[in-house]
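The values are calculated or read from the model by the stated rules, or taken from the named source; none is laboratory data. This is a predicted model, so every value here is computed, not measured. Please note: Cβ atoms are built from the backbone with ideal geometry, for glycine as well, and neighbour counts cover all protein chains shown. All accessible areas refer to the heavy atoms of the entire protein, side chains included, with ligands and DNA or RNA removed. Shrake-Rupley method; radii C 1.70, N 1.55, O 1.52, S 1.80 Å.
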Amino acid sequence: MKMIAVVGPTACGKTARGVDLARAFGGEIVSADSRQVYTGMDVGTGKDLADYGTDVPYHLIDVAPAGYKYNLYEYLRDARAAIADIEARRRLPIIVGGSGLYVESLLKGIVMPEVPEDKALRMSLAGKSLAELTEILAGMKRLHNNTDVDTAQRAIRAIEIETYYQAHPEESEAAHTPKPLDATIIGVEIDRDSRRAAISRRLRRRFEQENMLDEVQALLRSGIAADDLIYYGLEYKYLTLHLTGQIDRRQMEQELETAIHQFAKRQMTWFRGMERRGFNIHWLPYDMPRAEFVETVKDLAS
């Protein structure tokens with residue numbers, strides 16, 4: 001059976017579907033979520049660890065401390081290692097997540113070299129505005145998305161990497177000549193109204209039953225800087241703004257819900273873009289009965 005990837009927007013039920021497949025096919029989950037890598041960030045990232053039970057192993061969850069800025073290079077390195085380990089034990093890797101950049105880069109087989117820090121270059125870039133850094137990076141490579149330039153720190157790192165590639169063409173060639181993974185991609189399809197309703201229900205549950213506000217308060221009390229939590233976006237951004245007195249509770253809840261709806265829309269835009277870029281995603285209804293879902297995936301992946 002081919003490796004399986006389960007993708008889709010937030011609140012569509014990806015985790016539960018991935019777990020069903022893992023139990024049916026002797027698989028292990030490889031998370032493709034850019035925030036579930038952080039320890040202590042459980043409710044806001046929707047880890048749903050109870051779904052895994054005691055019988056479904058998972059990887060790339062809780063692998064970095066909260067406050068750290070885990071990056072694409074680290075994810076690809078760690079995900080490839082996890083997949084190799086799973087396959088060596090004759091188990092089935094099942095990639096599950098909604099972070100489009102992580103999913104697509106992993107499936108493409110992109111390999112990024114470990115680029116060392118260039119202190120002289122960093123000093124020469126220090127003090128430049130984000131717009132100036134973006135212009136420099138755009139002169140070195142085509143910018144396919146905003147991930148490399150969402151902060152000055154990331155933009156400097158991206159320039160550092162491109163500078164390293166120019167000096168090491170053999171590593172650049174390896175990085176830009178990927179070997180795609182042979183995977184069956186399953187998309188969990190949910191219509192807009194059902195998706196919005198699911199997001200709203202889940203958000204209420206996180207506030208009322210899962211103590212999401214307490215989680216963010218505990219992170220702040222542990223010494224993690226407010227700006228670091230705001231950097232993670234969505235739940236951590238808006239709850240931190242509220243807890244530090246910058247917005248009131250009502251504004252926080254309203255703006256957060258709107259931001260999550262917008263995020264889900266962007267996720268779908270990314271996955272539709274993947275299809276245009278040549279990925280074959282088999283979309284299955286979010287409310288398909290469990291047994292039927294498993295059998296359908298079995299036929300597709302065989």
Largest-first ranking of ILE224, ILE86 by accessible area, probe 1.4 Å, whole protein assembly kept, is ILE224, ILE86
Which one, ALA197, TYR165, ILE185, projects farthest toward the positive side of the charge dipole computed for segment 161-207 from Cβ point charges (K/R +1, D/E -1)? ALA197
At a 1.4 Å probe radius, which order do ARG35, ARG277 fall into by accessible area, largest first? ARG277, ARG35
Give, rounded to the nearest 20 debye, the magnitude of the charge dipole that segment 76-145 has about its Cα centre when Lys and Arg contribute +1 at Cβ and Asp and Glu contribute -1 at Cβ. 220 debye
Mind checking which of TYR238, TYR75, TYR165 has the largest fluctuation in a GNM of the chain, springs on alpha carbons under 10 Å? TYR165
Below 14 angstrom from the Cβ of ARG272, what's the summed charge of the other residues (Lys, Arg +1; Asp, Glu -1)? +2
Looking only at GluC sites (Glu not before Pro) in DSSP loops with at most 16 other Cβ atoms within 10 Å, what is the longest site-free stretch of the chain? 1-113
Pick from ARG192, ARG90, ARG142 the residue whose mean-square fluctuation is largest in a GNM of the chain, springs joining Cα atoms under 10 Å. ARG142
If the only charges are +1 at each Lys and Arg Cβ and -1 at each Asp and Glu Cβ, what is the size of the charge dipole of segment 249-291 around the Cα centre, to the nearest 20 debye? 160 debye
Within the accessible area of the chain, what % is carbon and sulfur when the probe is 1.4 Å and the other protein chains stay in place? 48 percent
Once Lys and Arg are counted +1 and Asp and Glu -1 for all other residues with Cβ under 9 Å from that of LEU256, the total becomes -3
accessible surface per residue for segment 119-181, probe 1.4 Å, DNA/RNA/ligands not counted, whole Å² -> 66 Å²
Which Cα, out of ILE156, ALA174, GLY100, lies furthest along the positive dipole direction of the chain (beta carbon charges, K/R +1, D/E -1)? GLY100
Connecting C-alpha atoms closer than 10 Å in a GNM of the chain, tell me which of GLY27, GLY53, GLY44 has the biggest fluctuation. GLY53
Starting from the residue with the highest accessible area, list THR134, THR177 in decreasing order, probe 1.4 Å. THR177, THR134
Projected onto the charge dipole of segment 52-96 (unit charges on the beta-carbon of Lys, Arg, Asp and Glu, signs +1, +1, -1, -1), the Cα from ASN71, GLY53, ALA88 with the largest positive-side position is that of ALA88
Sequence gap at least 6, Cα distance under 8 Å: using those rules, report the relative contact order of the chain to the nearest whole percent. 27 percent
Let me spell out the model: positive unit charges on the Cβ of Lys and Arg, negative unit charges on the Cβ of Asp and Glu, origin at the Cα centre of the chain. What dipole size does that give, in debye rounded to 20? 460 debye
Largest first, please: the extent of the C-alpha atoms of segment 192-237 along each principal axis, to the nearest Å. 39, 22, 6
Per residue solvent-accessible surface (Å²) - segment 1-95, probe of 1.4 Å: 36 Å²
Going through LYS47/LYS298; LYS47/LYS69; LYS128/LYS265; LYS2/LYS179; LYS2/LYS108; LYS128/LYS237 one by one, the pairs whose alpha carbons sit over 21 Å apart turn out to be LYS47/LYS298; LYS128/LYS265; LYS128/LYS237
In sequence order, calculated HN-Hα J values of segment 253-258 (Karplus, 6.51, -1.76, 1.60; Hz; x Gly/Pro): 5, 5, 5, 5, 4, 4
With the cut-off at 1.5 for a/c, could you classify segment 151-278 from its C-alpha gyration tensor as rounded, prolate or oblate? oblate
